[in-house]
Amino acid sequence: MKVFITGASSGIGAALATAYAAHGADCTLVSRRIEALEAVRLALPRPDAHRCRAVDVTDSKALGEVAKASLDEDGVPDVVVANAGISGGTDTGDPKTFDAFRRIVETNLIATVATFASFIDAMKEAPMPSAGRRLVVVASVAGIRGLPGSGAYSASKAAVIAYAESLRIELHGSALRVVILAPGFIDTPMTVGNPYPMPFLMPVDAFAARALRAIDGGRSFTVIPWQMAWLARLLRVLPDAWLDAALAGRERKPPLDRPR
């Protein structure tokens, strides 16, 4: 099995690479930070079987070139995971945070589209394995309802979910499946220092194990951990007035973004 993972230098991306490598997959690790990527690769089983490719995923042209090089040199992937993501507090009333808002959306949403665009045709046209192939979106429970101070992150993840749902329907009838993962609070560099309670905080390796099961099963939408799935269902139906009252006094995420 061949797996292409963006945002693989830390957090969820590195944990997914570790889990896949433990199951015998050959991984292509993608991130801006080549030194961090190499550290992840060297820690994987069979480190020589994996490849690191450094690129800023918000540079769509450069990302396309990396994808082409990967197709030419590594072969057609069975799984593409659009995981690269950043988060940070934003305030629409503060113009100084607008650039951060734009960068969060470009990283979390536009780069997801650019990642898949480079692979879809090749994945559909190559001989299909019996299990089919997967396009995996790492979204978030934060994309289900907006959270104060996290307008950029919540908006980007809500858009990623809607985009992936559209793509899933477009690919209906093919052996190429779209899988949406919606993490709750996962113990990664992104969540370190959050100034608010994080219910059901989950170790990243435990998340990765459950994520692989969801990906292998081709599940269209999975919230991890399962306890957050119930909270997500509640958020969907909670009246706006109740949600506003519950979250109005919530402490807000610091403005500095952190890679997943």
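Amide H of residue 84 versus every other amide H placed in the peptide plane: which residues, excluding those fewer than 5 positions away on the same chain, fall under 5 Å?
6, 7
Which of the listed residues, 152, 58, 199, is farthest toward the dipole's positive end in the range 2-259, when Lys, Arg count +1 and Asp, Glu count -1 at the beta-carbon?
199
Given H placed 1.01 Å from N in the peptide plane, which residues other than close sequence neighbours of residue 186 have an amide H under 5 Å from its amide H?
Those qualifying (amide H under 5 Å, at least 5 residues apart or on another chain) are 202.
What relative contact order, as a whole-number percentage, does the range 2-259 give when Cα pairs under 8 Å and 6 or more residues apart are counted?
21 percent
Pairs 2/68; 124/157; 61/96: which exceed 22 Å Cα-Cα?
Numbers: 2/68 15 Å; 124/157 26 Å; 61/96 28 Å.
Result: 124/157; 61/96 exceed 22 Å.
If neighbour count is taken as other Cβ atoms inside 10 Å, put 124, 2, 96, 157 in order from fewest to most.
Details: 124 14, 2 17, 96 9, 157 26.
Final ranking by Cβ density, sparse to dense: 96, 124, 2, 157.
Values in this text are rule-based calculations from the coordinates and carry no lab data. Please read these numbers as outputs of a predicted model, since none were measured by experiment. All Cβ positions, even for glycine, are placed from backbone atoms using ideal geometry, and neighbour counts span all protein chains on display.
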